[in-house]
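Here is the structure we will look at.
The values are calculated or read from the model by the stated rules, or taken from the named source; none is laboratory data. If you're wondering where the values come from, they're calculated on a predicted model, not measured in any experiment. When we count neighbours, we look across all protein chains shown, and the Cβ atoms used for this are built from the backbone with ideal geometry, even at glycine. In case anyone asks, the SASA skips ligands and DNA or RNA and just uses the protein heavy atoms, side chains included. Shrake-Rupley method; radii C 1.70, N 1.55, O 1.52, S 1.80 Å.
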Amino acid sequence: MKKRAVIQAIGHSVPDKVLTNHDLEKLVDTSDEWIIQRTGISERRMCGPGETTSVLSIRAAKEALAHAKMSPAELDLVVVGTVTGDMLFPSTSCLVQAGIGAVNAGAFDVGAACAGFIYSLSVATAMIENGQVKNALVVGADTLTHFIDWTDRSTCILFGDGAGAVVLSGEEDQGRGIMRTVLLADGTGSQYIDLEIGGSRYPTTNPESAKARKCIYMAGSEVYRFAVNAMGEACCRILDEAGLSPKDVDLFVPHQANLRIIDSAAKRLGLSEEKVFVNVHKYGNTSGGSIPLALYEAEHEGRLQPGMLVMTVGFGAGLVWGANLIRW
Ligand SMILES: CC(C)(COP(=O)(O)OP(=O)(O)OC[C@H]1O[C@@H](n2cnc3c(N)ncnc32)[C@H](O)[C@@H]1OP(=O)(O)O)[C@@H](O)C(=O)NCCC(=O)NCCS
């Protein structure tokens, strides 16, 4: 009988430090009013000293395992969707594997920026469905505040740090679990959001690298246009492939980048406000952490009930985008 990958439990982690729009008013020429009106963000979390992506990931993973009542030794796989790993290598998933004591698990990272969780969930689901693994930990985590130019008002207002993790297990198909995924990419748009320094194009050892950007670069309006189209395309495609329509969706959990982007996707799909989960006002854009953090909060607010159809959608640097359909 076909195996389904089913989410057993979710964990999360955000740094304690809160950075409000009023704090940013002291750093750049901006205002609380402008940020709220253009993005919907009021505050975001920011890592303190020693807080790295693996630190947040390990906290989220431990919470998910505790809720799943699963020992780390039962995990066969640890996948971390991140573009802000602790180091270029080893992978952050290996640090997480060691940090939680997943002594029987393989571990790798997935680099799909803000769609990192959607991509990671898709890979782990396929490995469960084909019988290669039984239990997987899937983490989405990023700490982009480490890479922000705090004098650039067009980017510093947008991003925050956060992580979410799910324990995913193979079960006999009973019509629940990760039902379908759509993954898309267009590398011809790679120049619209990037972090140049430290890779093999601009290694820190090369004097030529002095010209490379050391902080996140983003072409805001190009990314905005892409995001609106990408959200609509991924959602329509996944629903179409599943033979469903937007009215079948019980909860829409989009990547939390900008409230205007979320609203335009919800409007295109004809989804009413109560079917759309939003927490961008509290965390800003936490990249790979965004969707699992939203799922965590949705569940804790009682908005995710067994049997509900959940649609996630994300987009990010790459360019990449995609969606998951999950029967809760
Ligand atoms: C970045 C973003 C919020 C900017 O909003 P926008 O409405 O497109 O604003 P614009 O870039 O057109 O700028 C409008 C004006 O506001 C100014 N501005 C930009 N940032 C500002 C800030 N933080 N505070 C005040 N003014 C700001 C601009 O300089 C511009 O001024 P001008 O008209 O005098 O040139 C928006 O483009 C966006 O959200 N893009 C997508 C970002 C995203 O999702 N990235 C993550 C992808 S995973």
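For Glu74, are the conditions met, namely being within 16 Å of the ligand (Cβ to nearest atom), open to solvent by 30 Å² or more (accessible area, probe 1.4 Å) and either of a type outside the set (A, V, I, L, M, F, W, C) or without any contact (Cβ under 8 Å) to a residue 12 or more places away in the chain (or both)? So Glu74 fails the test.
Condition check: within 16 Å of the ligand (Cβ to nearest atom) and not in a strand (DSSP E or B). Does Gly162 satisfy that? No: the conditions fail for Gly162.
Yes/no per residue for (1) over 18 Å from the mean Cα position of the chain (by Cα); (2) crowded, with 24+ Cβ neighbours inside 10 Å; (3) of a type outside the set (Ser, Thr, Tyr):
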{"residue": "Thr286", "(1), (2), (3)": "no, yes, no"}
{"residue": "Tyr296", "(1), (2), (3)": "no, yes, no"}
{"residue": "Thr312", "(1), (2), (3)": "no, yes, no"}
{"residue": "Phe315", "(1), (2), (3)": "no, yes, yes"}
{"residue": "Trp321", "(1), (2), (3)": "no, yes, yes"}
{"residue": "Arg327", "(1), (2), (3)": "yes, no, yes"}
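In the set (1) open to solvent by less than 50 Å² (accessible area, probe 1.4 Å); (2) within 16 Å of the ligand (Cβ to nearest atom), Trp150 fails one condition alone, (1).
The lone criterion from (1) away from the ligand (no atom under 16 Å from the Cβ); (2) in contact (Cβ under 8 Å) with a residue 40 or more places away in the chain; (3) farther than 16 Å from Ala115 by Cα left unmet by Gly220 is number (1). Please enumerate the residues belonging to region 28-55 that are part of a helix (DSSP H, G or I), more than 9 Å from the ligand (Cβ to nearest atom) and open to solvent by less than 20 Å² (accessible area, probe 1.4 Å). Thr53, Ser54, listed by residue number. On the given criteria, is Val79 open to solvent by less than 50 Å² (accessible area, probe 1.4 Å), under 16 Å from Pro292 (Cβ atoms) and either outside the structural domain of Thr145 (by TED's automatic domain parsing) or not in a helix (DSSP H, G or I) (or both)? Answer is yes for this residue. Just so you know, in region 165-194 the residues that are over 18 Å from the mean Cα position of the chain (by Cα) and part of a strand (DSSP E or B) include one that is nearest to the ligand (Cβ to nearest atom), and it is Met179. Within region 298-328, work out how many residues are farther than 26 Å from Leu158 by Cα and either within 16 Å of the ligand (Cβ to nearest atom) or of a type outside the set (D, E, K, R) (or both). Going through region 298-328 one residue at a time, the tally reaches 10. Scanning region 201-232 for residues that are loosely packed, with under 14 Cβ neighbours inside 10 Å, basic (Lys, Arg) and either within 16 Å of Asp152 (Cβ to Cβ) or touching a strand residue (DSSP E or B) at 6+ places or on another chain (Cβ under 9 Å) (or both) yields one hit, Arg213. Close Cβ contacts (under 6 Å, 6 or more residues apart or on different chains) running from residues in region 253-264 that are among the β-branched types (Val, Ile, Thr) to residues that are within 7 Å of the ligand (Cβ to nearest atom) comprise Ile261/Ala227. Going by the structure shown, is Ala210 assigned to a helix (DSSP H, G or I), within 16 Å of the ligand (Cβ to nearest atom) and free of Cβ contacts under 8 Å to residues at least 60 places away in the same chain? No: the conditions fail for Ala210. The one condition from (1) open to solvent by 10 Å² or more (accessible area, probe 1.4 Å); (2) closer than 20 Å to Ala141 by Cβ that Gly302 does not meet is (2). Can you pull out the residues in region 104-124 that are within 16 Å of the ligand (Cβ to nearest atom) and surrounded by fewer than 23 Cβ atoms within 10 Å (Cβ to Cβ)? Selection gives Gly111 alone.
Scanning region 251-277 for residues that are within 16 Å of the ligand (Cβ to nearest atom), assigned to a helix (DSSP H, G or I) and out of contact with any Pro (no Cβ under 7 Å at 6 or more places or on another chain) yields Leu259, Arg260, Ile261, Asp263, Ser264, Ala266. Residues that are closer than 16 Å to Gly111 by Cβ and of a type outside the set (A, V, I, L, M) within region 160-191 comprise Asp186, Gly187, Gly189, Ser190, listed in sequence order.
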